[in-house]
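Structure record follows, encoded as structure tokens.
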Amino acid sequence: MVALSTLDYILIILFFTITLSIGIYVSKKSGKNASEFFLSGRTMPWWLLGVSMVATTFSTDTPNLVTDIVRTNGVSGNWVWWAFLITGLLTVFVYAKLWRKSNVNTDIEFYEFRYGGKPAAFLRKFRAIYLGVIFNVITMSAVTLAAIKIGGIMLGLEPWQTVISAGLITVVFSALGGFKGVVYTDFVLFFVAMGGAIGAAYYLVNIPEVGSLDALLTNAHVADKLSILPDFNDKQALITLLIIPLAVQWWSSWYPGAEPGGGGYIAQRMLAAKDENHAIGATFFFNIMHYALRPWPWILVALASLVVFPDLASIQDAFPNIADDKLGHDLAYSAMLTKLPSGLLGLVLASLIAAYMSTISTQLNWGSSYMVYDFYKQQINPKASEKQLVAVGRISTVILMGCSAILALLLQNALQLFEVLLVFGAGTGLIFILRWFWWRINAWSEITAMFTSGIISIVLKLTPLGAYLFKSETGVFENYLEYPLVVLVTTIIWLIATYITQPESKKVLQSFYKKIQPGGPGWTKVIKEAEADNITLADSNEGWSVPSGILAMLLGCVFIYSCMFATGYWIYGDYKYAMILTIVVIISGYLLTKVWKKIKATIL
């Protein structure tokens, strides 16, 4: 537990005052209608949406997760989420403009736009509950769990005290300000959170226990954790940390904030953009900040924690008030923050509060949008007025917050949740990528994939079969094959379901193509059938940008990964590799701008 100074309290109170003032200021306009409350009237510029995406994914549980990964598997362990950059850039250069052109209110509404009949209606209703409530509550509970651990270590708060104090302010702000309040405050939260993370990393690397950056990098507890790539001689680590994420995970798994083809709150921001170019710009800015620059302050604190708290026993000795069921390597980040001086401590606490509020407010607004548009209006009251829709949005915001708070009190660590969610969505990602470009995918494809993936994951995680197949030393398969097996089985089953069920009707397919203009060979059959009926679907002025989009994705990956690695090597003092990668950044960035101009030309 740390003692806050007057300066610390002033900084925290000032932060709360600014954020709540913004929420109150925009509340009147946000409550005007549902479009304002959830999408801010579709008038948002790219830079504001991009900053909002970054602020949202800052989160209180993210530095805890990164710390857990680094302490357990080293810096290279982060490939488990770094691989999602490929997904993110595919969204940027291929799917962002498609989402904005769809003009739907939520990404779940897409189901009855792309598919038809009762299966589509069921899929929309089920996914609204499945994602908007179940997955959303789980995600928010992970964020709240991180807040509980921070509050317990830094302020000596009981879990329920943290939940009530942190959650109450956030839910009031979210219910008042709506999406516009979320985005506007995200702009402030981003700079507070980034400043706190960088300031904490700089100070903690130089505390007496650590010594300096040079001392940190040569410390016996840290030296074997520094590699950005896993040990190629360690088959288990290489396959688990690098090969599976890069070869399978990025395209096959659904995970909040990194959905193949875009979705969730990322899709919400693309739908709120002024136009298609603003949607692309916002998502690209987000991916640069999220992967290339932001992880390193957290990684440095995680590495420093290995010097100060080399194992769980040392954390427990330093913080005996922490319950055994909350003890984990992710606690090390909060433990290190207790060593910050007055002023910086207040800034960092404000940054953590900012991260918490940004993530939770986004999840609440996004989740309640499903409850309003895809459940209440669609299933209960189709004639609801705009005021009723806003009221339901605010009520569902409070309910979602309450459910996530209860679950957070029952959880132990963030990595545990990340792994469960990752496997739970295994095998569904390919559908989200192909459904825009292959006419044959139907509602049953998605329903089958969703239930197959969920059932297999539950069986493997919660029954003895999983332990028999993967967990024990005498298991049938190596444990790293669990995820690819779920993907393979799920993919085979949904492909079979696709071909044994009826395709979507001509009317649905033609309506979708006419509005979106996805292009490509996957729609040739639909276009020819329409031409036979004297119906013109393809717009001759609309170029097919997917080949350029894929090239831009590859160049973008080189650009951002090179930025990430160059930053790391500059920090490590390995100037040879740092210089080479910096040159790669410049070259790939130049080539990317050339390809991007071609993509913009197809939009204009």
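Estimated from helical segments only, the mean residue ellipticity of the chain at 222 nm is -21500 deg cm²/dmol, where each DSSP H run of four or more residues counts as -39500 (n - 2.57). Fully extending the segment from residue 461 to residue 531, taken as 0.36 nm per residue of separation minus the present Cα-Cα distance, adds 20.2 nm.
Ordering 81, 570 from the fewest to the most neighbouring beta carbons within 10 Å gives 570, 81. Label sites at residue 489 and residue 232, each approximated as a point 7 angstrom past Cα along Cα to Cβ, lie 3.4 nm apart.
Reported value for the chain: 147 Å³ per residue, from the convex hull of its C-alpha atoms.
Residue 446 sits among other residues whose Cβ lies under 15 Å from its own Cβ, and their net charge, with Lys and Arg +1 and Asp and Glu -1, is +1.
Using the Cβ-Cβ distance between residue 550 and residue 338 with R0 set to 41 Å, the FRET efficiency works out to roughly 0.30.
Sparse packing (at most 10 other Cβ atoms within 10 Å of the Cβ) combined with a DSSP loop state is found for the following trypsin sites (Lys or Arg not before Pro) in region 379-412: 383. For the pair region 347-393 / region 583-597, the C-alpha centres are spaced 38 Å from each other. Placing dummy labels 7 Å off each Cα toward the beta-carbon, the span from residue 35 to residue 247 is 4.9 nm. Taking each of 274/598; 101/180; 377/506 in turn, the alpha-carbon distance tops 23 angstrom for 377/506. Potential lengthening of the chain between residue 129 and residue 274 amounts to 49.3 nm, from the contour at 0.36 nm per residue minus the alpha-carbon distance. In this label model, residue 478 and residue 7 are separated by 5.3 nm, measuring between points 7 Å along each Cα→Cβ vector. Counting 0.36 nm for each residue step from residue 187 to residue 593 and taking away their Cα separation leaves a gain of 143.6 nm.
Where a number appears in this text, it was derived from the coordinates with a stated rule and is not lab data. In this text the structure is predicted, and so the values were computed from the model without any measurement. Positions of Cβ are backbone-derived with ideal geometry, glycine not excepted, and every protein chain shown enters the neighbour counts.
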